[in-house]
Amino acid sequence: MPQHVAPQDDRPELPEAALDRLPSVLADPPWTRKRRRSKAPTVIPGLEAPAPQLVGRPGEFEAALAIEPTVTEWDEAEYWDGDPESPIRLPGFFGAGKCLSQLARKGVAVADAAVRELEDEPWSGRALLPIRSTPAARLAAHWALRRRDGRRPGLDWFDRHGLRAVPFLVPEAFGPQAYRRTSARSALRLLSWRYGSDAVVGAAEPHGPEAVAAVAALFDTDPHQPLLEAPQTGAWVHIAENLPPVLTADRAAILPPAAIRHLIEVLCQWAPRVPYPGLDAAAAHCDRESLARFSLALAEELIGVDWAIGPLAYFGLPEGAALLEAAIPSSGGREPETTAFELEVLAAFPAEIAFPPLYRLSRGTMKPAQRAEAAERARAVAERLGAEPEPLADRLAPTLGLDDPATLTIDFGPRAFYAKPDDRLKFTIVDDAGRTRPRLPRPGVRDDAATAAASIARYRKLTKDVTAQLAFQSARLEDAMLDGRLWTSREFARLTAHPVLAPIARGLLWLGGTPEAAQCFRIAEDGTLADVDDKPFALAEHDLVRLAHPALLSPADLEAWTRVFADYEILQPFDQLVRPALGLLPEEVESGILHGFTGAVASFHGLKAVMDLENLGVSGDWNARVDYTRAFSKALPGGVWLLAQVDPAPPWHDPRPDSWHRIESIWFATTKNRRQGVPTLAGQDLLEALDPVVLSELLAGLNRAAGLHL
């Protein structure tokens, strides 16, 4: 039996339930019968598509106006006019950004052209989201129902437009083209599953009573009919014999094999955004616990198969979340669509269960794009709890039982030992008499062997978990220092009271107060706050706290605090006080150019660790063939770009990690446009835009890339 499924309780053999006592979706589902012909008319002549609209989220079009093309340089005055034969196409510019930027500039007039441009690009589907039109609805239905790589953007479109999509689907649902008609009708049924059939019928009223009656007739059929085709579980049904039984609701019988086969077919049609009603009907006649265990075992047998993992969110078991967390990193390297779906399923669990694994995945070893998606999912789940991700991660950080004496007791039966954690969460073993032991002793002949073995196993797991959590939470706090995260005084008090976070925090230097008057302090051994002279330090109710960075300290303060930490022999969980504090030279401020790196030879690996490597079109001219190159750039907070010109440019197809490049120039700008004459960002504007911590870390990374001494 799968490892996430606990063994069934011992119980007497139960009889199989009679099929005629089960709901039709388990006994005689509609896909096993000839489909009843719909009473809805095939075609309704004269239906007109409503005028297209653009429906943006707050700030969406403003952000689209800031999107820059993926070319090395362009003429801002002429580039956005586009191809004379297509108002959407732009030379050397591809993907969602191209369509969104043109929609933001040219409005609804180019909506249909944008849909045509996106037809074979579901990976650019976010550009379809703001377009509310019949062509957009048709494409969203096609993607959601017929293309695996289009499922997510198609459903995203329906998420945004909801019932307002109905008037745009109706002309397709009763139009002359059968393929489009089938997709549109299935999309209307999907909306009925989400909002109810009455709501969908009502939303069709702009097309008149004939269309309203036709839409109502679409729903005059078995409500458990699949959206398109009969469920395709393939040869997987045979695994049912290895799965735990499913009990009826009264727990007096189990489902027979035929019903189990149909149950698998029911489960495979449900997903967080495709709420197939047949699962509700089946669940109402089954014991919820055994049904959840069956679904969990099915998913574990078929992990990586989309239809098997979707129902995990329906039941929301912690074991299901653990199964997904373990599976997602490995699926990311094989199938991005599977990873995206698994993250979607995990995010649909109850928020308290979903957030911790999503947050851990966002900081894990997956590819950057997948970590970013996990982070976005974690942010959305935190929002459901009325919180921001980082404060919530502090609040939900595991205590590992370190605040529970029972966890620290190692019971051998007649005698016991106690694990005493020190300030660095290193354990010392103490016996009943208070004597310190160099290590945990072996159980003796008088000890209870089973109890001792369980206690030793629990203690070893505790030490392993503590080591892992110290590394994980230390990395979180290091990122918080680099990102300039702020804690309120209340959030900081919670941090310093946490049994795992507090020992890490005691090894760090903090800044507290108002933004205009912040003062350094540390957390003393007894948990109180102290300044550089070991005098008590107090935070006011509305004070803010952040981790100190050498770039934020004067040389005198940095030296004084370094001496304090050395005197108290405080070992820092990560490099903090020893980090370089670097800034710009006066001539670099004046020009916006990092002259110190001009002519330096840097490694490809080192540059890529500091900057992003972008694929860029070289020509922005419709009359010339667009060639491509790679270039280094880095988006910095505050709308600042750092751009680098190196020789030779990294090759387009196969850049070598061990290659070396001469830096011709590195400069700051407000745009990625490398066109001659585009000004650098310099002077006071540059100083005000750059965060000193970001700047210091950036310069340190460039120095390492160029092999320069810090």
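Among 183-194, 108-119, how do they line up by average Cβ neighbours within 10 Å per residue, starting with the highest? Before the final figure, lay out each step's value.
On the way: 183-194: 22.3, 108-119: 19.2.
Final packing ranking: 183-194, 108-119.
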Report the percentage of all Cα-Cα pairs in the chain whose separation exceeds 37 Å, rounded to a whole percent. 56 percent
Quick one: which residues, 5+ away or cross-chain, put their amide H under 5 Å from the amide H of Glu16? H built at 1.01 Å from N. Ile254
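Determine, from the Cβ-Cβ distance of Arg194 and Ala252 and an R0 of 41 Å, the FRET efficiency 1/(1 + (r/R0)^6), rounded to the nearest 0.05.
Efficiency, from the Cβ-Cβ distance: 0.75.
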Three-way shape label, the range 393-435, alpha-carbon gyration tensor, a/c 1.5: oblate
Charges on Cβ only, +1 for Lys and Arg, -1 for Asp and Glu, centred on the Cα centroid of the chain; of Pro272, Ala63, Pro176, which one is farthest towards the dipole's positive end? Pro176
Please report, in Å, the Rg and the Dmax of the range 1-152, where both are computed over Cα atoms only. 25.0, 81
Solvent-free Debye scattering, log10 I(q)/I(0), computed from the Cα coordinates of the range 337-377 at q = 0.16, 0.18, 0.29, 0.35 Å⁻¹: -0.32, -0.40, -1.00, -1.28
Percent RCO, i.e. relative contact order, over the chain, from Cα pairs under 8 Å lying at least 6 residues apart: 10 percent
Among Lys106/Lys672; Lys367/Lys420; Lys367/Lys672; Lys367/Lys634, the pairs whose Cα-Cα distance exceeds 28 Å are Lys367/Lys420
Contact order normalised by residue count of the range 574-710, Cα under 8 Å, 6+ apart, percent: 34 percent
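Applying 1/(1 + (r/R0)^6) with R0 = 60 Å to the Cβ-Cβ distance of Ala540 and Phe94, what FRET efficiency is obtained, to the nearest 0.05?
Rounded to the nearest 0.05, the efficiency is 0.70.
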Per-residue [θ]222 nm for the chain (sum of -39500 (n - 2.57) over DSSP H runs n ≥ 4, rounded to 500): -12500 deg cm²/dmol
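Full-extension gain between Thr671 and Thr562, please, as 0.36 nm times their residue separation minus the C-alpha to C-alpha distance.
Details: separation 109, 0.36 × 109 = 39.24 nm, distance 3.95 nm.
Gain in length upon complete extension: 35.3 nm.
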I need the peptides 603-609, 382-388 ranked by packing, meaning the mean over residues of other C-beta atoms within 10 angstrom, with the highest value on top. 603-609, 382-388
For the range 21-36 and the range 574-653, what is the separation of their C-alpha centers, rounded to whole Å? 63 Å
Regarding the range 432-519, what is the average projected area of its C-alpha convex hull, in nm²? 8.6 nm²
With the 8 Å Cα cutoff and a minimum separation of six or more residues, the range 413-452 has a relative contact order in percent of 36 percent
Which aspartates and glutamates does Lys608 reach when only Cα atoms under 20 Å apart count, and residues fewer than 8 places away in its own chain are ignored? Asp479, Asp483, Asp647, Asp654, Asp658, Glu664, Glu697
Looking at Leu129, Leu470, Val43, which one has the Cα that reaches farthest to the positive end of the dipole of the chain (charges on Cβ: Lys, Arg +1; Asp, Glu -1)? Val43
Skip the ligands, DNA and RNA, and give the accessible area per residue of the chain with a 1.4 Å probe, whole Å². 48 Å²
To the nearest Å, what is the center-to-center distance of the range 524-544 and the range 276-318, using C-alpha atoms only? 51 Å
Can you give me the % of accessible surface on the chain that is carbon or sulfur? Probe 1.4 Å, all protein chains present, nothing else counted. 52 percent
Limiting things to C-alpha atoms, what are the Rg and the maximum Cα-Cα separation (Dmax) for the range 304-441, in angstroms? 19.8, 59
Among Thr670, Ser633, Leu698, flag the residue with its Cα farthest along the positive direction of the charge dipole of the range 585-710, charges on Cβ as +1 for Lys/Arg and -1 for Asp/Glu. Ser633
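The values are calculated or read from the model by the stated rules, or taken from the named source; none is laboratory data. Since the structure is predicted, the reported quantities are computational estimates derived from the model, not experimental observations. Please note: Cβ atoms are built from the backbone with ideal geometry, for glycine as well, and neighbour counts cover all protein chains shown. Keep in mind that these areas ignore ligands, DNA and RNA; they rest on the heavy atoms of the full protein, side chains included. Shrake-Rupley method; radii C 1.70, N 1.55, O 1.52, S 1.80 Å.
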